[in-house]
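Below is one structure, written out as structure tokens; the observations come after it.
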Amino acid sequence: SQSAARVFRNTSTQALSGSTKIEFNGETYDIQGEFDSATNYRFTATATGKYLVSASINITSPAAAPKTSIFKNGGEVALTQARSTGSGVSHAIFDVMSLTATDYIEIFVNAGASGTVVNGTDTTFLSIHKVA
């Protein structure tokens, strides 16, 4: 079985303050057990290959135009930014990247001094699939 995981923000909203790692604490599926939805909230590859990483983040009341980033091994590798603030912003970000075993992926949002990530399997989620 190929690596594949889909996780989401489950139990409650998540407050944002500066750069905040999104705590995906619910799992739709995690075929190889590579996503930690209890402690580190990150995907750790168990096999080398190309991975499609995609996330959707729903944010209410951001103080600044939010930035959503994919981080690999603690460093930013992809970024998307909303062009405005307002009552709500939804972000989608995706990339195909090379991962080796033990590389890890996290999602961060920077919405200035405030904002809230909406919970729900259909609003705030991350999926990672090994494609080659």
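The values are calculated or read from the model by the stated rules, or taken from the named source; none is laboratory data. None of the values given here were measured: they were computed from a predicted structure. When we count neighbours, we look across all protein chains shown, and the Cβ atoms used for this are built from the backbone with ideal geometry, even at glycine. To get the accessible areas, we keep the full protein, side chains included, count just its heavy atoms, and leave off ligands, DNA and RNA. Shrake-Rupley method; radii C 1.70, N 1.55, O 1.52, S 1.80 Å.
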Inspect all residues belonging to segment 45-59 and state whether any of them is modelled with pLDDT under 95, out of contact with any Pro (no Cβ under 9 Å at 6 or more places or on another chain) and surrounded by 14 or more Cβ atoms within 10 Å (Cβ to Cβ).
-> yes
Counting only residues that are open to solvent by 70 Å² or more (accessible area, probe 1.4 Å), at pLDDT below 90 and in a strand (DSSP E or B), how many does segment 82-110 have?
-> 1
From the residues in segment 9-25 that are of a type in the set (Ser, Thr, Tyr) and part of a strand (DSSP E or B), which one is surrounded by the fewest Cβ atoms within 10 Å (Cβ to Cβ)?
-> 19
Please state which of the following conditions residue 41 fails to meet, knowing it meets all the rest: (1) open to solvent by 30 Å² or more (accessible area, probe 1.4 Å); (2) more than 17 Å from residue 121 (Cβ to Cβ).
-> (2)
Complete set of residues in segment 62-78 that are open to solvent by 50 Å² or more (accessible area, probe 1.4 Å) and touching a Ser or Thr at 6+ places or on another chain (Cβ under 6 Å) | 63, 76
Take the residues in segment 16-62 that are of a type in the set (Gly, Ala, Ser) and over 22 Å from residue 75 (Cα atoms), then tell me which one is farthest from the chain's Cα centre (by Cα).
-> 61
The residue that is nearest to the chain's Cα centre (by Cα), considering only those in segment 111-124 that are buried (at least 21 other Cβ atoms within 10 Å of the Cβ) and of a type outside the set (Val, Ile, Thr), is 111
Could you tell me whether segment 80-94 includes any residue that is in contact with a strand residue (DSSP E or B) (Cβ under 9 Å, 6 or more places away or on another chain) and of a type in the set (D, E, K, R)?
-> no
In this structure, does residue 123 turn out to be within 28 Å of residue 2 (Cα to Cα), assigned to a loop (DSSP other than H, G, I, E, B) and modelled with pLDDT under 95?
-> yes
Report whether or not residue 37 is of a type outside the set (A, V, I, L, M) and either closer than 18 Å to residue 93 by Cα or touching a His at 6+ places or on another chain (Cβ under 9 Å) (or both).
-> no
